[in-house]
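One structure is given below, encoded as structure tokens.
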Amino acid sequence: MESINRKLSISEMAQIHDISRQTLIYYDKIGLFQPDFVDKETGYRYYSTMQIPLLREICFLRSIGMPLDEIQQHNQINNSTTTITLLKSQNEKIKKKIAELQFQQQQIEKRVKIYQDTNNYAHDQYKPYIESFPERRMLYYPWHTDTHTRTELHYALMRIWNISEKLGYLPGRRWGAIIFKDSIMAKDPLHKAGGCVLIADNLVQNHPPIEEPAKLVTLTAGDYVCIPKFGMPYDTSHIYKILQWIEDNGYEVTGDIYDECLLDAIFYGSDRELDFCEIQVPIQKKENANENLK
């Protein structure tokens, strides 16, 4: 009767677990899973059938996304308690990744809709809607108060990018304009308004001094009423439209306004000369503000 503990070649071991010979060679090299016996004359690797459960466990952990270094640490103290802890930890990581992927999917779907709708845009099709945003940080540079033109917008944006380079940071595609709440309340919405780009958190925490008049501006987390529009940020008609909606629906403005450029006019190739943007205004219900005063 053939012994249950017989030797398997590297090809046989790989075939049983549906992995490549190269994978087993690599596992051997890093000390994760080594052969039971190596023929000194030929260099052939041989495995024991008793090693199959361990390799099966390694393959399972890899299939659920477990990094090799964590599997290696786990194998050193492998028992039911540590395995449960390991699997729960990986489950939490997967939940977080799923949430990230769902957010990315939402952003893709939103951007696809923007691309599809730009050429069919009509003012009466786009109504204000409410969306929640996390806290966001912006690197801001003011426009010249007497020059509200497309050229001035691009000048401010180039200044921001130059400042970002000096800080060792390359800004992403999220950019637009900041219009300050205090200026809105003073009936002078373009006072101190300027261009901005979204920046990474590590720049906020470790950045060198930023030379005036540039500065960091924080957009608070919470609900924002949003409305897409064709128009430049210095066209205040859309701002007054959304402010009227806020008043009519029992909300109040709680912070600075972000006018994000979704599509630059040069991108979508139509005969329009205006950027496709989205105004985002932080809001809260007026009764909430009253409750906070009690």
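The values are calculated or read from the model by the stated rules, or taken from the named source; none is laboratory data. Please read these numbers as outputs of a predicted model, since none were measured by experiment. Heads up, the Cβs are rebuilt from the backbone with ideal geometry, glycines too, and the neighbour counts pull from every protein chain shown. The protein model used for the area step is the full one, side chains on, heavy atoms only, and it has no ligands, DNA or RNA in it. Shrake-Rupley method; radii C 1.70, N 1.55, O 1.52, S 1.80 Å.
So here's what we get for this one:
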read-out	value
All positions within the range 228-242 that are surrounded by fewer than 19 Cβ atoms within 10 Å (Cβ to Cβ) and farther than 15 Å from Ile178 by Cβ	Gly231, Asp235, Ser237, Tyr240, Lys241
Looking only at the range 48-91, and only at residues there that are of a type in the set (Gly, Ala, Ser) and open to solvent by 30 Å² or more (accessible area, probe 1.4 Å), the one that is farthest from the chain's Cα centre (by Cα)	Ser80
Residue that is farthest from Lys181 (Cα to Cα), among those in the range 208-227 that are β-branched (Val, Ile, Thr) and modelled with pLDDT of 90 or more	Val225
Number of the exception - Ile94 against (1) open to solvent by 50 Å² or more (accessible area, probe 1.4 Å); (2) in contact with a Ser or Thr (Cβ under 9 Å, 6 or more places away or on another chain)	(2)
The range 152-191, subset among the acidic types (Asp, Glu) and open to solvent by 30 Å² or more (accessible area, probe 1.4 Å), residue modelled with the lowest pLDDT	Glu165
